[in-house]
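So the structure is just underneath, and the comments pick up after that.
Coordinate-derived values only; no laboratory data. All values derive from a computational prediction rather than experimental measurement. Note that we place each Cβ from the backbone using ideal geometry, even for glycine, and neighbour counts take in every protein chain shown.
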Amino acid sequence: MTATQTPDSEEPSKFARIRSWPWLTRILPATALVLLLIAVVPPLRRGAVIATSRMILIVATPFAPDIDDFAQLPQATRLLGTDGSVIGDLGGEKRRPIVKIDQFPEHVRQAVLAAEDKDFYSHGGVDPSGVLRALFRT
């Protein structure tokens, strides 16, 4: 301590400053406890997955493309170059008919769902684990 410093003007210790942070002493342990409960209790886990998927849908919806009429979509597969120029169309003049899902047999619909997303009927439209997996892989 120098002559100009008094005992009252000393800075608080590092631990005293850390204890004064409410997020570290109260919020962080409470959040860890809630996450642990969600991970351990299956009904809470399912509810958290459904709530997370709903939030992802709410956040992502404004970024979805606006397609007023599916008939406006190109029916042929168009091949584009890296500069955006059209290289060609697969299928030529042949147009693919639009088939409604009701026209497919039930076993075909179930097979497509099984191949694409086995948990389709158990999450709320967006699979949070699938989204995280896609984020890490790409």
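Key figures for this structure:
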quantity: Förster radius 22 Å - calculated FRET efficiency between Ala64 and Phe120 (Cβ-Cβ, nearest 0.05); calculated: 0.70
quantity: Pairwise FRET efficiency - Ala51 versus Ala111, Cβ, R0 = 41 Å, nearest 0.05; calculated: 0.85
